[in-house]
Amino acid sequence: MDDKSKALTWMSPYCMEIKEGPSYLTLQYLSCVPMKFFKWDNLGYFNVFNQVQSDHCQVHHALKHTFLSEDCQNLILEQTTFHPVAKLRPPSVKYQKIFLKILLDKVEFNGHSPTEDLCNTYLTVMNAEMQPVAYKTYYVNKKFLTILENANMLSGGTTGLVLWTASFCLAEWMLQHQNVVKNCSIMELGCGCGFTGLSICKNIPVKSYMFTDCNEEVISYARHNIQVNDIKQDIVSTQILSWGDESSYSENNFDVILGAGWFRLFFT
């Protein structure tokens, strides 16, 4: 893995080995990697019902405890549901339920009894009320970046309340070409939940950054995500901007105008 890829573990945490910092379990859990891609060991994928029996812990290779023993279960919980970031800004209840159920199945299949903490955590989550919004946290350039998004792809008449692949791609490109925006004033068109702008503001020195979108609820999500990520308030701003409505245009001048995923509107 080259140096640039090491800074972008949020892109595909289930196929990268983390040599330092948060465990790969933590990164996958916080970013809600789908269970079918969730990597439980460093050697490759394995299914709960075709696991090769072994006393060697396939999750915590450096430790001597037995795979999915009480110590192993407790450490998995510490790295996932009990992780400080997960406790402060947890993934969706739905994701927590699926993760804990699969963990329970693995424990029982391997001939162990679930710990009291694991059982109590699962019961608590099973009784929790489902919410339409939840957090996903990514690890960008060795910093956690948390995004509040909606569980529904289309909500409030917009698709801007969920993260799109284009925002990851643009953020990746900007982190690899920082001189393009370094010390610049920037306006982003169609900021959505704010992932691209937050990645830039947390990792690249900029003069100013304006998050814009045509939807007021989208802007409220962006404002919330700016706040929870402790972005310097003196360099960021938000504004409703409707393309084609000149009355909503900013009077400021910008060095760079960014946008992710909307270029196809002009070429299709």
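Side notes on the structure shown:
- Candidates Y122, Y135, filtered to the one that is assigned to a helix (DSSP H, G or I), under 30 Å from V228 (Cα atoms), modelled with pLDDT of 95 or more and open to solvent by 20 Å² or more (accessible area, probe 1.4 Å): Y122
- E129 vs. criteria modelled with pLDDT under 95, open to solvent by 60 Å² or more (accessible area, probe 1.4 Å) and over 21 Å from C193 (Cα atoms): yes
- Where a residue in segment 80-100 is touching a residue at least 12 places away in the same chain (Cβ under 8 Å) and in a loop (DSSP other than H, G, I, E, B) and its partner, wherever it lies, is aromatic (F, W, Y) and open to solvent by less than 30 Å² (accessible area, probe 1.4 Å), with Cβ under 6 Å and at least six apart: T80/Y29
- Residue that is surrounded by the most Cβ atoms within 10 Å (Cβ to Cβ) [pool: residues in segment 196-208 that are outside any loop (DSSP other than H, G, I, E, B) and within 21 Å of the chain's Cα centre (by Cα)]: G197
A quick yes/no check of all residues on (1) touching a strand residue (DSSP E or B) at 6+ places or on another chain (Cβ under 8 Å); (2) at pLDDT below 65; (3) closer than 30 Å to N127 by Cβ; (4) among the aliphatic types (A, V, I, L, M):
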residue: M1; (1), (2), (3), (4): no, yes, no, yes
residue: S5; (1), (2), (3), (4): no, yes, no, no
residue: N74; (1), (2), (3), (4): no, no, yes, no
residue: T80; (1), (2), (3), (4): no, no, yes, no
residue: P91; (1), (2), (3), (4): yes, no, yes, no
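- Tally, over segment 199-211, of residues that are touching a Ser or Thr at 6+ places or on another chain (Cβ under 9 Å) and farther than 14 Å from V256 by Cα: 1
- Going through (1) in contact with a strand residue (DSSP E or B) (Cβ under 6 Å, 6 or more places away or on another chain); (2) assigned to a loop (DSSP other than H, G, I, E, B) one by one, T212 falls short only on (2).
- Annotation: S237 fulfils all but one of (1) part of a helix (DSSP H, G or I); (2) surrounded by fewer than 18 Cβ atoms within 10 Å (Cβ to Cβ); the unmet one is (1).
- Index of the failed condition, T146 passing every other in (1) open to solvent by 60 Å² or more (accessible area, probe 1.4 Å); (2) at pLDDT 95 or above: (1)
- Tallying residues that are farther than 17 Å from Y29 by Cα and surrounded by 17 or more Cβ atoms within 10 Å (Cβ to Cβ) within segment 70-109 yields 2.
The values are calculated or read from the model by the stated rules, or taken from the named source; none is laboratory data. Since we're looking at a predicted model, the values are computed, not measured. As a convention, Cβ positions derive from the backbone with ideal geometry for all residues, glycine included, and neighbour counts pool all protein chains shown. For the accessible areas, the whole protein counts, side chains as well, though only heavy atoms, and no ligand, DNA or RNA atoms are used. Shrake-Rupley method; radii C 1.70, N 1.55, O 1.52, S 1.80 Å.
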